[in-house]
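The values are calculated or read from the model by the stated rules, or taken from the named source; none is laboratory data. Quick caveat: nothing in here was measured; it's all calculated off a predicted structure. Here the Cβ is made from the backbone with ideal geometry for all residues, glycine too, and neighbour counts use every protein chain on show.
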Ligand SMILES: C[S@@+](CC[C@H](N)C(=O)[O-])C[C@H]1O[C@@H](n2cnc3c(N)ncnc32)[C@H](O)[C@@H]1O
């Protein structure tokens, strides 16, 4: 057998760059341990709301363990591990007097900028996303990645008996479905300001968000443009939850209270594999196409094309209405070519694990898919640093160009 020297590879530079330690054995060990333990550790402190308890200043481990009903020594070890990767800062005082352990030491921790992102009420909070990584169904799916690799099929269904969105439809999985929706909301809030720097949504009269979840993204657009109308379209259960949570004047206000927001947006229940609402000049499909195989994605796009054509026709025959071509905006991550580090490569594996044939597509793959469904590409706007993850592909029905 030929012995493989891990330092002698085709691309020595990229291996060196991506390993945390100079010792290859330790480096691989650290990658293994970090992947599983840091992820679970972040989930646990988010679930226990430890960042919230530190928001008004550092606390001792004993205090934190008391509040969260955990074992002080085990909690200390978890916080110490997380502090080693920049989440929390240990401010332990030796010989401080109170709450001493055998070395006369008070173990204390403080928030760091990274830990602050796990606060429950903060801009850019990732707490809800961290909770997703602790769901039993999610973890059963990730630990069965081998099944996905062997078969190409999603391990979520293999491990949980149903496809992701079918699973969330079940009454008994309501709590998990809420965690998923909250995670999507928290992602939306974290990048919405970047999207507004990339694209001008004020040009449109009516915005339709297809598979728009609970409508947090749509609400931010409507909020910025007080004369715009909105249509939020998703599965019945999601729309019911959205309505109860956000879309009535009595519900939790979406950002600053704006009563007109509720009257400007129609909530539509449905199935994008059957039909998509008409009437919008801006048709957004955000973080949806990556959830599906080419065949299913094409069905969504063709239904969207049909809705857009019907909208064009209606506008054509409506007296006094200027003919405006509805636009389609696909907003999702485009997979770059090559092996450079890119966050989307993790999202892509999550799609393999969680969805039926979903994946991140390269620019060429996305263009090919859109063209095959009867769309022409007008523009592709990529995030400026190419690190943040969403691009905007603007498309129109083929025969409407020119
Ligand atoms: C990954 S989430 C993206 C949500 C939102 N667009 C965002 O960017 O946060 C996919 C969305 O598609 C919705 N969805 C899945 N299957 C659907 C269907 N057959 N018809 C309508 N919506 C569906 C889900 O309920 C979910 O809200």
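Laid out as a table, the results:
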| quantity | calculated |
| --- | --- |
| Residue check for residue 217: within 11 Å of the ligand (Cβ to nearest atom) and out of contact with any helix residue (DSSP H, G or I) (no Cβ under 7 Å at 6 or more places or on another chain) | no |
| First in the range 191-217 and in the same structural domain as residue 287 (by TED's automatic domain parsing), second anywhere and assigned to a loop (DSSP other than H, G, I, E, B) and within 10 Å of the ligand (Cβ to nearest atom), Cβ under 7 Å, 6 or more apart | 191/390; 195/390; 209/215; 210/272; 210/276; 210/288; 211/272; 211/288 |
| Filter pass, residue 249 being more than 13 Å from the ligand (Cβ to nearest atom), more than 24 Å from residue 348 (Cβ to Cβ) and at pLDDT below 95 | yes |
| Matching residues in the range 91-110 - criterion: being modelled with pLDDT of 95 or more and touching a helix residue (DSSP H, G or I) at 6+ places or on another chain (Cβ under 6 Å) | 109 |
| Pick from the range 25-60, criterion touching a strand residue (DSSP E or B) at 6+ places or on another chain (Cβ under 7 Å) and in a loop (DSSP other than H, G, I, E, B), ranking: farthest from residue 182 (Cα to Cα) | 58 |
| Residue list for the range 163-173, filter: more than 10 Å from the ligand (Cβ to nearest atom) and in a helix (DSSP H, G or I) | 167, 171, 172, 173 |
| In the range 277-288, the residues that are within 10 Å of the ligand (Cβ to nearest atom) and in contact with a strand residue (DSSP E or B) (Cβ under 6 Å, 6 or more places away or on another chain) | 284, 285, 286, 287 |
| Residue list for the range 174-186, filter: more than 10 Å from the ligand (Cβ to nearest atom) and under 19 Å from residue 350 (Cα atoms) | 176, 178, 179, 182 |
| Any chance residue 155 is within 22 Å of the chain's Cα centre (by Cα), closer than 26 Å to residue 390 by Cα and more than 15 Å from the ligand (Cβ to nearest atom) | yes |
| Criterion violated by residue 324 - all others in (1) more than 16 Å from the ligand (Cβ to nearest atom); (2) modelled with pLDDT under 95; (3) in a helix (DSSP H, G or I) satisfied | (3) |
| From the options 208, 189, residue that is touching a helix residue (DSSP H, G or I) at 6+ places or on another chain (Cβ under 9 Å), within 12 Å of the ligand (Cβ to nearest atom) and farther than 19 Å from residue 278 by Cα | 189 |
| Filter result (surrounded by fewer than 18 Cβ atoms within 10 Å (Cβ to Cβ) and out of contact with any strand residue (DSSP E or B) (no Cβ under 6 Å at 6 or more places or on another chain)) within the range 102-131 | 102, 103, 104, 113, 114, 116, 120, 121, 122, 123, 124 |
| Subset of the range 220-243 (residues that are away from the ligand (no atom under 12 Å from the Cβ), surrounded by fewer than 20 Cβ atoms within 10 Å (Cβ to Cβ) and under 17 Å from residue 190 (Cα atoms)) | 223, 224 |
